[in-house]
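Visitor: Let me begin by handing over the structure; questions about it come next.
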Amino acid sequence: MDRVLTALMDLVVPPASMVMLAFAWPTLAFLRAAEWAVKALTKEDMRDKVVLVTGASSAIGEQVAYEYARRGASLVLVARREHRLFAVRDNARALGAGQVLVVAADVVREDDCRRLVADTISYFGQLDHLVNTVSLGHDFYFEEAGDTTAFPHLMDINFWGNVYPTYAALPYLRRSHGRIVVNASVETWLPMPRMSLYSAAKAAVIDFYETLRYEVKDDVGITVATHGWIGGEPGAGRFALEEGAPAAATDQTQTQTQPHLKVDAPELPAAAAAQVEAYARAVVDGACRGDARVRRPGWYDVFLVFRAFAPDVLAWTFRLLLSTAAPAPAAPRAVVAPAGVAAAALPAPPVRPLIEYPVTAAGRRPAGAVAQLHKLE
């Protein structure tokens, strides 16, 4: 009740910071418009430039590659699913890309990242833009995660999958005064249920690149792009790759038999595909202008203002808008305790583990069970 009253008071009596913002907003908007106009006139020409795109096999990464192709850039397409990259390569060439190099690599492995950058420099002799789009989302409450084995995997893809390519490419980006483009998410500051681990990883990504921005100064530009929900419908699966199909739906066996198959995963709905294309276009436009940040859709900025100047109002509003049925607490089960020691109540085991593993006759997981994590892609 106290929080509700506080939020109502913030609505009736705005804090001093909001009053100051109301007076400063016209000036800030004018300066922002002037900056945008200057950058639009000095937009970077991508012809004869080399762009490395991770997670380029589908969705956001694929569309970003197409946008660079329309601008005449040469491309290095990176993903673990090499068979999908061949179709993207052909489409990019048809759209006007220069030379296109396909590299199969896992960006959560440092050795693979060093190799893909070395291949790029060996083939093209330069690197101008590094675009990190690989991402793994999820759709479950934190308390539903009975198997924590996937936690490091989520962090590996969403955080280290950005850091390792950046570390390998940074010396060459300094040489060309290039740019790093990062695919983040609005969930880093806008609360969304069932996405706690994903939001935490993306927040770490943004903090990393905002810090790196000051370390590299003007030698390397950094564009952090954030988006709302695009690329599918919530609840479609417990895991979903933003640069690929729902993780559980990927059929590796079928696609490997037809390596040049144009479409080997369920297509996005028309509305979602249009959102992905619009987001990719905004990202590449912002990167070529030299924007430090790109946000789409733009109306999310309203929530960012409230987060900065009236966080209680935002929290109260989203409690009402995003209120969902939380998972029921597990019923306690009795534990047999030694004589003379009071029995403790522990939560029952989860109904469904986070990742299903085969169980041997002895009731144990096989030694190679962890390898099934790679089936998420």
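Visitor: Using 7 Å Cα-to-Cβ label points, what is the Leu320/Ala308 separation (nm, one decimal)?
Guide: Placing both labels 7 Å beyond Cα along the Cβ direction yields 2.5 nm.
Visitor: Next question. For Arg47, project a label point 7 Å along Cα to C-beta. Then give me every residue of region 73-113 with its amide nitrogen under 11 Å of that point.
Guide: Counting backbone N atoms under 11 Å from the label point, the list is 73.
Visitor: Which shape class applies to region 75-228: rounded if a/c is under 1.5, otherwise prolate when a/b exceeds b/c and oblate if not, where a ≥ b ≥ c are the square roots of the Cα gyration tensor eigenvalues? List each step's numbers first, then the result.
Guide: Details: a/c = 1.95, a/b = 1.45, b/c = 1.35.
Since a/c reaches 1.5 and a/b is larger than b/c, the shape of region 75-228 is classed as prolate.
Visitor: Oh, and also: Compute the FRET efficiency between Ala278 and Arg115 as 1/(1 + (r/R0)^6), taking r as their Cβ-Cβ distance and R0 = 30 Å, and round to the nearest 0.05. Provide the component values of the computation, followed by the final result.
Guide: On the way: r = 33 Å, r/R0 = 1.12.
That gives a FRET efficiency of 0.35.
Visitor: Next question. Given the Cα-Cα distance of Tyr214 and Leu95 and 0.36 nm per residue of separation, how much length would full extension add, in nm? Please report the intermediate quantities before stating the final value.
Guide: Numbers: separation 119, 0.36 × 119 = 42.84 nm, distance 3.58 nm.
This chain segment gains 39.3 nm when fully extended.
None of the figures in this text is laboratory data; all of them are computed from the coordinates on show. All of these numbers come straight from a predicted model, not from anything done at the bench. Neighbour counts run over all protein chains shown; Cβ positions are idealised from the backbone, glycine included.
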